[in-house]
Each structure stands twice: as structure tokens, then as C-alpha cells.
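Everything below concerns the one structure shown next.
The values are calculated or read from the model by the stated rules, or taken from the named source; none is laboratory data. Everything numeric in this text was worked out from a predicted model, so none of it was measured. Glycine also receives a Cβ, built like all others from the backbone with ideal geometry; neighbour counts cover every protein chain displayed. Note: accessible area is taken over every heavy atom of the protein model, side chains too, but ligands, DNA and RNA are not part of it. Shrake-Rupley method; radii C 1.70, N 1.55, O 1.52, S 1.80 Å.
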Amino acid sequence: MESRIFAEKCLREEAQALLDVIPKLDNSFEQVIDLILHCKGHVVVTGVGKSGHVAAKIAATLASTGTPAIFLNALDALHGDLGMVMSDDVILMISNSGNTDELLRVIASLEERHIPIVAMTGNAESLIAQHSNYHILVSVEREACPLNLAPTSSTTVAMAMGDAIACALMEMRKFKAKDFAQFHPGGTLGRKLLVKVKDVMYTENFPIVPSAMRLSEALMTISGGKLGLGVVMEGDEILGIITDGDIRRAVEGARENFINLTVSEAMTRTPKTISPEAKLTTVQTLFRKHKIHSLLVVDRGRLVGIVDYFAIMN
């Protein structure tokens, strides 16, 4: 119980630190966004220690959201890796104190090459802030660490400010979900954005039932199809769809007369359909909107497949 109290205190202090940094956003932030938007090269993000870890995460977030970015280890930069930085690049330096020695040495080289420097520090009067072209203040009143020593609130705020930069750039670039998928082709989101219905739909052994079939017989066909539904058809014409839930509700309503019920009395006459060329995200949207778990895949009025919830979750 005591440990939970300490954890809650830490989380509240870090959350408050995030709220406290909001009023510190000024014109410098707007200028930084404009600078990065017009950057023809990369945003090179660098830092030392915990700030270095934050810098690596910010670089990864920028790169995955439409802004070319790379992480530069400040220590390696002093021993040759500054050659990675080109004249069209922008440097983003992360330092809570704003006086990190390794970054100050890097600045001296960058100034000679007239490469724009954006500093994100907790001290507006620091040397790094003074020698940067743009400065974003991410100061915190104190660390969430009980000793006020370990970087906790400061790293949280710096990382969140990196997210804020990325989000602002996404909005300015009109970065869409399909763009995100191009940078995440191996992920679940990328799959749903790029894979089409025709790639995952069931195309064989459709559970077809005639409208005049008794519900007891239709239930056997539906069970055999293992999709929880039957497609009501007459020739090539789709008349409707019937699910095991439809049958259950019809039986409950008919009571003793259920033995005489036919498919036409329980089916849905306007089933939801989708094109085989549609994306899985569209399927997901329709499932959510209509509270259904299956769609008939129709091409030029002809049934070519069935796609269900489990198909898009694989």
C-alpha cells in the first residue's frame, strides 16, 4: 500500500510538470515548427545521458510521422560523426541543464558551418540556450525523484515536448493514417491500412440458404459454414443474410410455432456489403458503426466473398 502512495505521488508530480510547461510555449515554438517544415535535410537530434535517450526517442517519433530525422550520439559526434550533419540539416539539442560540455563542443563546430541549432533546455540563461538559434524552454520546478536528483519530471517533459513538435508537424503537413502506414508496414496498423478485403475474405464453401428453407435446416447449414451466418440467395441474386442470432430471436418470438418458420421470416433483407478492393480499416469502421461482425463482399452485384471480424484480426 505504501509503495502505491509513492508511485501516485511520482505520477502526479510528473503530470503537473507537463501542465506547467504549457504556458511556456511561445513564438519560439512556432519558429521551430516553421524551420523544420522548410528543412530540406534531416532533423538531427542529440543529447547526452538520459537526455540522449530522450533524443533518440524524439528522432524515432519524428521519422515515423513524416519528418526525416536521425539520432546523433554527442560523444561520437566529437570523434568524427559530425560528418553525418549536412548543410541542409537542423540540429535539435536536448539538455536539462543547458550546459552539457559535449554539446557545447558540438555547437562550436556547428556555428562555423552555419547549421541552425534548436535547443530544448530547462534553463533559458544557459550557454546552450544562448548559442542556439531557437530555444524551447522545458524547465521543471523539481524532479519527481524523492531526492530531486534523478532525471524524472525533466525527461518526461522533454519527451512530451518532442511529441508536441511531432504532432504539430503532422498537422501542418496534413499527415494521414495512410502515410503513417507507409512507415510501419510490418505493424498491425500498417496491415489494416494497406491490405485489401480481397486478401483476407473467405471465398469458398459459402453457407448459402434459400428463403423458403425452414430455420431448423438453415441452422445446420450455418453451423457447417462456421461463420455464424447464412447468405440467402436465389440464383446469383442476394436476397438477404441470416445469422444464428436471427434464428434464436425468431424462435424465441414464435414459441411453439417455431417449427414452421422459414428463412424469409427471420432474415435481414438489406445486408451490409463491401467491395473486394476496400481496405481493412473500412471494414473495421463498418463493423463498429453497424455493430456487426461480418460483411458480404460483392463485386458488380455478385457475391465473391465474406469477411468477418476474425479475418481482419489475424
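Tell me, what is the per residue accessible area of the chain in Å², probe radius 1.4 Å?
55
Carbon and sulfur together cover what percent of the accessible area of the range 1-95 at a 1.4 Å probe radius?
Carbon with sulfur: 59 percent of the solvent-accessible area.
At 0.36 nm per residue, minus the direct Cα-Cα distance, what do Val298 and Ala160 gain on full extension? Give it in nm, one decimal, please.
45.1 nm
With +1 on each Lys and Arg Cβ and -1 on each Asp and Glu Cβ, and nothing else charged, work out how big the dipole of the chain is about its Cα centre, in Debye to the nearest 20.
So the dipole magnitude of the chain works out to roughly 1080 debye.
Hey, if you put +1 on the Cβ of every Lys and Arg and -1 on every Asp and Glu Cβ in the chain, which of Ser264, Val200, Ile91 ends up farthest toward the positive end of that dipole?
So the residue furthest toward the plus end is Ser264.
Compute the helix-to-body angle for 50-64: its Cα long axis versus the longest principal axis of the chain, expressed 0 to 90° and rounded to tens.
It works out to around 50 degrees.
Please determine, in degrees from 0 to 90 and to the nearest 10, the orientation of helix 101-113 with respect to the longest principal axis defined by the Cα atoms of the chain, where the helix direction is its Cα long axis.
90
Between Arg269 and Ala60, with labels modelled 7 Å along Cα→Cβ, what's the label distance in nm to one decimal, could you check?
Using points 7 Å along Cα→Cβ, the separation is 5.6 nm.
Select from Ser126, Ser51, Ser216 the residue whose mean-square fluctuation is largest in a Gaussian network model of the chain (Cα-Cα springs shorter than 10 Å).
In this elastic network of the chain, the residue with the biggest mean-square fluctuation among Ser126, Ser51, Ser216 is Ser216.
Tally Lys/Arg at +1 and Asp/Glu at -1 over every other residue whose Cβ is under 12 Å from the Cβ of Pro276; what's the total?
Counting the neighbours of Pro276, the net charge comes to +2.
Could you work out which residue, out of Ala15, Ala60, Ala160, moves most in a Gaussian network model of the chain, that is, has the largest mean-square fluctuation with Cα springs under 10 Å?
Ala15
For the pair Asn257 and Lys226, how long in nm is the line joining their label points, each one 7 Å along Cα→Cβ?
3.8
Round to the nearest 0.05 the FRET efficiency obtained for Glu204 and Leu37 when R0 = 30 Å and r is the Cβ-Cβ distance.
0.05
So what are the ³J(HN,Hα) numbers for the range 198-207, from phi and the Karplus equation (6.51, -1.76, 1.60; θ = phi - 60°), rounded to whole Hz, Gly and Pro as x?
Per residue, the Karplus-derived 3J(HN,Hα) values read 4, 7, 10, 6, 7, 10, 10, 6, 4, x Hz.
Compute the angle between helix 244-254 and the longest alpha-carbon principal axis of the chain, please, reported from 0 to 90 degrees and rounded to the nearest 10.
50
If I build a Gaussian network model for the chain, linking alpha-carbon pairs within less than 10 angstrom, which residue out of Ala17, Ala158, Ala119 has the largest mean-square fluctuation?
Of Ala17, Ala158, Ala119, the most mobile in the Gaussian network model is Ala17.
For Cα extents along the principal axes in Å, several values are listed as (1) 55, 48, 42; (2) 87, 51, 33; (3) 74, 45, 35; flag the one computed from this structure.
Here the calculated entry is (2).
Any idea what the dipole of the range 5-154 comes to, in debye rounded to 20, about its Cα centre with Lys/Arg Cβ at +1 and Asp/Glu Cβ at -1?
My answer is approximately 240 debye.
Sorted by accessible area with a 1.4 angstrom probe, largest first, how do Thr46, Thr155 fall?
In descending accessible area the options line up as Thr155, Thr46.
Between Met161, Ile22, Pro276, whose Cα lies farthest towards the positive end of the dipole of the chain when Lys and Arg beta carbons carry +1 and Asp and Glu beta carbons carry -1, centred on the Cα centre?
Of the options given, the answer is Pro276.
What is the sum of charges around Tyr309, taking Lys and Arg as +1, Asp and Glu as -1, for the other residues whose C-beta is under 12 Å from the C-beta of Tyr309?
With Lys, Arg at +1 and Asp, Glu at -1, the net is +1.
If you place +1 on the Cβ of every Lys and Arg, -1 on the Cβ of every Asp and Glu, and leave all else neutral, what size is the dipole of the range 240-279 about its Cα centre, to the nearest 20 Debye?
Dipole magnitude for the range 240-279 comes out near 160 debye.
With r as the distance between the Cβ atoms of Ala124 and Lys9 and R0 = 25 Å, compute the FRET efficiency 1/(1 + (r/R0)^6) and round to 0.05.
Rounded to the nearest 0.05, the efficiency is 0.35.
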